[in-house]
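Everything below concerns the one structure shown next.
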Amino acid sequence: MPLGDYETDNVTLTADGTDVHATLYTTGVLVTKGNSVTLILGLIKDQSVGFTPGARIEIKIHTAAGKDYPSSVKLP
């Protein structure tokens, strides 16, 4: 399920300490060549949306150039 489909009560996303969950789909996160940005995805433990210990979630970074960088994470 895309990040934008989750309520902000269940999922938060920050980029270098700035909340970007609400604006991610309209502005994106700018990372200039040679630099980095720290992304923190916060998940609230909630069985109704699948965020339970031991569950696997898929995370995909999509670039402006159209490349996808997928990964999966097992929740602690």
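Brief remarks on what is shown
- In straight-distance terms, cross-link reach from Lys33 covers every one of the lysines whose alpha-carbon lies under 29 Å from its own, apart from those fewer than eight places away in the same chain; here that gives Lys60, Lys67.
- Segment Lys33-Asp9, length gained on full extension (0.36 nm per residue, minus Cα span): 5.3 nm
- Difference of contour (0.36 nm per residue) and Cα-Cα distance, Thr52 to Ala64: 1.2 nm
Coordinate-derived values only; no laboratory data. A quick note: this is a predicted structure, and the numbers were derived from the prediction, not measured.
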